[in-house]
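Peer 1: Take this structure, written in structure tokens, and hold onto it; I'll ask about it next.
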Amino acid sequence: DAKTTQPPSMDCAEGRAANLPCNHSTISGNEYVYWYRQIHSQGPQYIIHGLKNNETNEMASLIITEDRKSSTLILPHATLRDTAVYYCIVRLHSGNTPLVFGKGTRLSVIA
Amino acid sequence: ETGVTQSPTHLIKTRGQQVTLRCSSQSGHNTVSWYQQALGQGPQFIFQYYREEENGRGNFPPRFSGLQFPNYSSELNVNALELDDSALYLCASSGPGSGANVLTFGAGSRLTVL
């Protein structure tokens, strides 16, 4: 079973920041937080991951609370192309460890 | 660089038949994993292949089997198809070293079992 809890859906106005929350209260010390998204009719796409420090790349920012029990994915300027299901996953940093997906958050970006 | 490609994109089978799905991994990636995604659900891990050996398996019966070839491409075989096998089958590849932690997914093969 997935170790994360996410809201089933969210809306965001185009051009505004989208903030997607994730709870992972049972995360262990050596597990990372990963975010993937799945645009309709495509496979999941990697966005970002982190252990305890905030991370930023060209796609998004990841904010992890100090106790590591929750995190927020931030899309700074959402566009219509960001409409997708976003999955938050906790995972050991090992190539052998599979991704365990929950149902994710369906983000709808509205013009 | 080319991404992960899967074939066929869509197919229809009947109960009891067998199906083979194919996956070409991204250039430079040596590990392939397969996931099943039922409608409205997140993907579920089936198994993973590294160096042509299965090195991890999810909660799927033995009628789900696979192969990895020397060029790192892979096949997923499902025997004795059941109606519940209708799903999107996703292949993902990952690279050596630190690249092993980030999976690149293909667009999937959508299987319908009648």
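Peer 1: For chains B and A, what's the summed buried accessible area, probe 1.4 Å, to the nearest 100 square angstrom? Write out the running numbers ahead of the final one.
Peer 2: Details: alone 6160 and 6460 Å², together 11170 Å².
Chains B and A together bury roughly 1400 Å² of accessible area.
Peer 1: For a Förster distance of 35 Å, can you work out the FRET efficiency between the beta-carbons of A:THR72 and B:THR5, rounded to the nearest 0.05? Walk me through the intermediate numbers first.
Peer 2: Values: r = 34 Å, r/R0 = 0.97.
Working from the Cβ atoms, E equals 0.55.
Peer 1: Further question: Computed FRET efficiency, Cβ-Cβ of B:ALA107 and B:SER65, R0 30 Å: what is it to the nearest 0.05? Spell out each step's value before the answer.
Peer 2: Values: r = 23 Å, r/R0 = 0.75.
After rounding, the FRET efficiency stands at 0.85.
Peer 1: I need the phi-derived Karplus couplings for region B:34-43: 6.51 cos²θ - 1.76 cosθ + 1.60, θ = phi - 60°, integer Hz, Gly and Pro marked x.
Peer 2: Result, rounded to whole Hz: 10, 10, 10, 10, 6, 4, x, 10, x, x.
Peer 1: Around A:ILE48, which amide H atoms from residues at least 5 apart in sequence, or from another chain, sit under 5 Å from its own amide H, with H modelled in the peptide plane?
Peer 2: So A:ILE48 has HN proximity to A:TRP35.
Peer 1: Follow-up question, since we're still on this one. Any chance you could run the full-extension gain for B:GLU54 through B:GLN17? It's 0.36 nm times the residue separation minus the Cα-Cα distance, nm to one decimal. Could you put the intermediate results ahead of the total?
Peer 2: On the way: separation 37, 0.36 × 37 = 13.32 nm, distance 2.37 nm.
Contour length minus Cα-Cα distance gives 10.9 nm.
Peer 1: Might you report the magnitude of the Cβ-based charge dipole of chain A about its Cα centre, with Lys and Arg at +1 and Asp and Glu at -1, to the nearest 20 debye? Mind showing how you got there, number by number?
Peer 2: Working: 10 positive and 9 negative charges, 37 e Å.
Rounded to the nearest 20 debye, it is 180 debye.
Peer 1: Please work out the Cα center distance from region A:70-111 to region A:45-66, rounded to the nearest Å.
Peer 2: The two parts, judged by their Cα centres, are 11 Å apart.
Peer 1: Please identify, among A:HIS49, A:HIS40, A:HIS93, the residue showing maximal mean-square fluctuation in a Gaussian network model of chain A using a 10 angstrom Cα cutoff.
Peer 2: Maximum fluctuation in the GNM of chain A, among the listed residues, is at A:HIS40.
Peer 1: For the protein assembly as shown, give the percent of accessible area contributed by carbon and sulfur heavy atoms, probe 1.4 Å, rounded to a whole number. Please list the in-between numbers first.
Peer 2: Numbers: 5480 of 11170 Å².
Heavy-atom surface of the protein assembly as shown belonging to carbon and sulfur, 1.4 Å probe: 49 percent.
Peer 1: For a quick check, take a GNM of chain A with Cα springs below 10 Å and name the residue from A:ALA17, A:ALA84, A:ALA60 with the largest mean-square fluctuation.
Peer 2: A:ALA17
Peer 1: While we're on this one: Can you give the mean number of other chain Cβ atoms that lie within 10 Å of the Cβ atoms in peptide A:41-50?
Peer 2: Details: counts 5, 5, 16, 10, 3, 7, 0, 1, 2, 0.
Partner-chain Cβ atoms within 10 Å, mean over residues of A:41-50: 5.
Peer 1: Now, a different point. Check B:SER86: other-chain or 5+ apart residues with amide H under 5 Å from its amide H, H built from backbone geometry?
Peer 2: B:VAL113
Peer 1: Note down the magnitude of the dipole of region B:52-104 about its Cα centre, charges +1 on Lys and Arg C-beta and -1 on Asp and Glu C-beta and zero elsewhere, to the nearest 20 debye.
Peer 2: Approximately 120 debye in magnitude.
Peer 1: Given the C-alpha centroids of region B:52-73 and region A:11-25, what is the distance between them in whole angstrom?
Peer 2: After rounding, the separation between the Cα centres reads 36 Å.
Peer 1: Can you work out D for chain A in µm² s⁻¹ from Stokes-Einstein, where Rh is the Kirkwood radius over C-alpha pairs, the temperature is 37 °C and the viscosity is 0.692 mPa s?
Peer 2: After rounding, the answer is 235 µm²/s.
Peer 1: Once you list every other residue whose beta carbon is under 15 Å from the beta carbon of A:ASN96, what net charge do they have if Lys and Arg are +1 and Asp and Glu are -1?
Peer 2: Numbers: positive: A:ARG91, B:ARG51, B:ARG57; negative: A:GLU31, B:GLU53, B:GLU54.
Once all neighbours under 15 Å are counted, the net charge is 0.
Peer 1: Please list B:ARG22, B:ARG63 in order of solvent-accessible area, largest first, computed with a 1.4 Å probe with all protein chains present.
Peer 2: Descending order: B:ARG22, B:ARG63.
Peer 1: Taking every pair of alpha-carbon atoms in chain B, what share in percent sits in each 10 Å bin, from 0 to the bin with the longest distance?
Peer 2: Computed distribution, short to long bins: 15, 50, 29, 6, 0.
Peer 1: Could you state how much accessible area A:TYR32 has, in square angstrom rounded to the nearest 10, with a 1.4 Å probe and all protein chains kept in place?
Peer 2: 50
Peer 1: With +1 on each Lys and Arg Cβ and -1 on each Asp and Glu Cβ, how big is the dipole of the protein assembly as shown about its Cα centre, in debye rounded to the nearest 20?
Peer 2: Details: 17 positive and 17 negative charges, 55 e Å.
Value, rounded to 20: 260 debye.
Peer 1: Something else now. Note the direction-averaged projected area, equal to a quarter of the hull surface, for the Cα convex hull of the protein assembly as shown, in nm². Could the numbers behind the result be given before it?
Peer 2: Details: hull surface 49.0 nm².
Mean projected area of the Cα convex hull: 12.2 nm².
Peer 1: Dividing the alpha-carbon radius of gyration of region A:1-57 by 2.2 N^0.38 Å (N being the number of residues), what value is obtained? Mind dumping the intermediate values first?
Peer 2: On the way: Rg = 13.1 Å, N = 57, 2.2 N^0.38 = 10.2 Å.
Dividing the Cα radius of gyration by 2.2 N^0.38 Å gives 1.28.
The values are calculated or read from the model by the stated rules, or taken from the named source; none is laboratory data. Note that this is a predicted model, so its numbers are computed, not measured. Virtual Cβ from ideal backbone geometry, glycine too; neighbours counted across all protein chains shown. Calculation scope for accessible area: heavy atoms of the full protein, side chains included, ligands and nucleic acids excluded. Shrake-Rupley method; radii C 1.70, N 1.55, O 1.52, S 1.80 Å.
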